[in-house]
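Read-outs throughout are calculated quantities, based only on the coordinates presented, and are distinct from any laboratory measurement. Keep in mind that this is a model prediction, so the values were computed, not measured.
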Amino acid sequence: MNENDSLILCYYGEILFKMGKYNNAISYFTKANIIDPENIHNLKKRAITYYDLQEYDEVLSDIDKVIQFDPLNILAYYLKILAYYTKGDINNAKIEIKKCIELILNSNYNILEKTQFFYLKYLLEKHEFTELMYIKLNQISNTKSRETLLFIRCSIHIKLRMYHTAKSDFNMLCESISIYSCISYIHLLQKYLNFWSYFADEYGALLSNIGIIDYYSAYLYIEKEIYLISNLINYNKIYCQFQESDPNRSSTLLQKWRNSFNFSCTRFL
């Protein structure tokens, strides 16, 4: 490997980042930065890595350099606001929001970028720390990701209690991605009980005969053929043993239960 080539060093840093070796990735990004201190791509990658390491002052340092070299870099502002907010510096986060408002309103950024920004602004105003963590940095950087737009728009509609519109976005989202990606988004929306109850007319009575006592679980079972282990425990407390650490025993008990009820579900979570 040519350690005098900043592009190669940055590339290796990205590989290590994807492997979860953040400290090693920082080492390569730093070497690349020494060779080419104005490489914005490398600075952003190092800032994102520092964010995962929860070294927020380092994030802010790198992001300030990015903004210095590229004052219109919208991702840099996202990262800066997130870093301030995550470290609990609400006042500075709001200051950066105000700076960014003028930038994004007087720009040619596409609808996804604007939607992401205003959703972030909404969360900042509501002080919803948990929701902020769900805005993955790699999603923010991928401004062509339709699924991100759909999820954000669906979340906003749910918060505004526009459940019919939210359902439309939700269905489009699930139809456009794999079942495994879909489950991740469904989990993020689990807490919105009123949204899941909006599906009640389609499901009729809850499936209490197999331990399903809420609309979220009913949706997973009917629409995605997923049965939650917690439903089984609701059905009969004897199945609390599924919480034991022996996976082989749990698997055997699950199969016996499925056979005894002629169970049609294909997935257990």
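Before moving on, here are some points about what is shown:
- Given in Å, the Rg to one decimal and the Dmax to the nearest whole number for the Cα atoms of segment 38-97 are 10.4, 30.
- Subset of LYS18/LYS87; LYS99/LYS159; LYS18/LYS191; LYS44/LYS80 violating a 18 Å alpha-carbon distance limit: LYS18/LYS87; LYS99/LYS159; LYS18/LYS191
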